[in-house]
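Notes to accompany the following structure.
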Amino acid sequence: MSHPLLQSWRMLWLLFLTALWTQAAAAQALKVEDDRGDLVVEFTLSYDDLSIRYRDHGVMTRLSSRLKDDKRKYYGPNGVLVAEVKSKGDDFKLRADDLNGEIKVKGDIEKLKIVVNGDEARPVKIKAKGDKLKVYRVSGETEIFIGQAQLSQDKKEVKVKDADKDERYRINDYRLSSAYGLLLDERIRPEHRYILMAEILMRQ
């Protein structure tokens, strides 16, 4: 018969392994590849651990994050603060020292608007249209179609195409998110774009 103390240690060890398995199962890893099959960016998403790996001039760079109250801070590989995201419900804004202002994201999967540096007259909008998410660059009253995100026929990945219907990206996801339309928003530097995408993915 096992000693009670040994049984207690076994129970604690089992609980520890179960917690590790649950955390691993809860975390979601999403990879974005370009049309050549090369990795562009990878997201590891869970409430406590949101990290980003992306290719920057041929070198993979990792961003880690810390959540406190309504703010999530993102840090580079050297521990330097890269950006801060502040939430207000599902809407949020990104601030960084190298931005002349901030980037605001408003709305949901039906209609999302991205405003850079307060330029409300020239946002990018991502709208649900049937089984697709269509991306528009707006100038005043004019909306210019720049591409779309849609599920593949087998529902096993998301494809992002430009306005000419050329495939630009594919993602190992079985659901649509406005985040993938953001890949076509060239106003925003990649580092900030991927942070915005991670935040949208956490909400959708």
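Do we have D154 as outside any strand (DSSP E or B), open to solvent by 60 Å² or more (accessible area, probe 1.4 Å), acidic (D, E) and farther than 28 Å from K73 by Cα here?
Values: outside any strand (DSSP E or B): yes; open to solvent by 60 Å² or more (accessible area, probe 1.4 Å): yes; acidic (D, E): yes; farther than 28 Å from K73 by Cα: yes.
Here the answer is yes, as D154 does meet what is asked.
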Handout entry: Flag if P123 is open to solvent by less than 30 Å² (accessible area, probe 1.4 Å) and not polar (S, T, N, Q)
Key = yes
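So, in the range 48-103, how many residues would count as being of a type in the set (D, E, K, R), touching a Gly at 6+ places or on another chain (Cβ under 9 Å) and not in a strand (DSSP E or B)?
Adding up the residues that qualify gives 1.
Determine whether K111 is open to solvent by 70 Å² or more (accessible area, probe 1.4 Å), under 13 Å from E199 (Cβ atoms) and either in contact (Cβ under 8 Å) with a residue 12 or more places away in the chain or in contact with a Lys or Arg (Cβ under 6 Å, 6 or more places away or on another chain) (or both).
Numbers: open to solvent by 70 Å² or more (accessible area, probe 1.4 Å): yes; under 13 Å from E199 (Cβ atoms): no; either in contact (Cβ under 8 Å) with a residue 12 or more places away in the chain or in contact with a Lys or Arg (Cβ under 6 Å, 6 or more places away or on another chain) (or both): yes.
So K111 does not fit the description; no.
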Completion exercise
Across the range 96-108, the tally of residues that are surrounded by fewer than 18 Cβ atoms within 10 Å (Cβ to Cβ) and under 16 Å from the mean Cα position of the chain (by Cα) stands at 3
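Residues are listed down the side, and each one gets a yes or a no for (1) farther than 30 Å from V80 by Cα; (2) not hydrophobic (A, V, I, L, M, F, W, C):
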site	(1), (2)
D98	no, yes
K104	no, yes
L133	yes, no
G140	yes, yes
V158	yes, no
K165	yes, yes
R168	yes, yes
Handout entry: Residue among R137, R122 that is in a loop (DSSP other than H, G, I, E, B) and over 17 Å from the mean Cα position of the chain (by Cα)
Key = R122
Practice task
Within the range 174-201, track down each residue that is in a loop (DSSP other than H, G, I, E, B) and either basic (K, R) or open to solvent by 10 Å² or more (accessible area, probe 1.4 Å) (or both).
Solution key: Y174, R175, L176, E186, R187, R189
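So which residues in the range 50-75 are within 11 Å of E191 (Cβ to Cβ) and open to solvent by 60 Å² or more (accessible area, probe 1.4 Å), if there are any at all? If you could, list the steps in order and put the result at the bottom.
Applying the first criterion (within 11 Å of E191 (Cβ to Cβ)) to the range 50-75 yields 52, 54, 56, 61, 63, 74.
If the condition is that a residue be within 11 Å of E191 (Cβ to Cβ) and open to solvent by 60 Å² or more (accessible area, probe 1.4 Å), then D56 is the only one that fits.
Residues checked against (1) of a type in the set (A, V, I, L, M, F, W, C); (2) in contact with a Leu (Cβ under 8 Å, 6 or more places away or on another chain):
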site: L30; (1), (2): yes, yes
site: L39; (1), (2): yes, no
site: S46; (1), (2): no, no
site: S65; (1), (2): no, yes
site: K68; (1), (2): no, no
site: N78; (1), (2): no, no
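The values are calculated or read from the model by the stated rules, or taken from the named source; none is laboratory data. Please read these numbers as outputs of a predicted model, since none were measured by experiment. Here the Cβ is made from the backbone with ideal geometry for all residues, glycine too, and neighbour counts use every protein chain on show. With ligands, DNA and RNA removed, areas are computed over all heavy atoms of the protein, side chains included. Shrake-Rupley method; radii C 1.70, N 1.55, O 1.52, S 1.80 Å.
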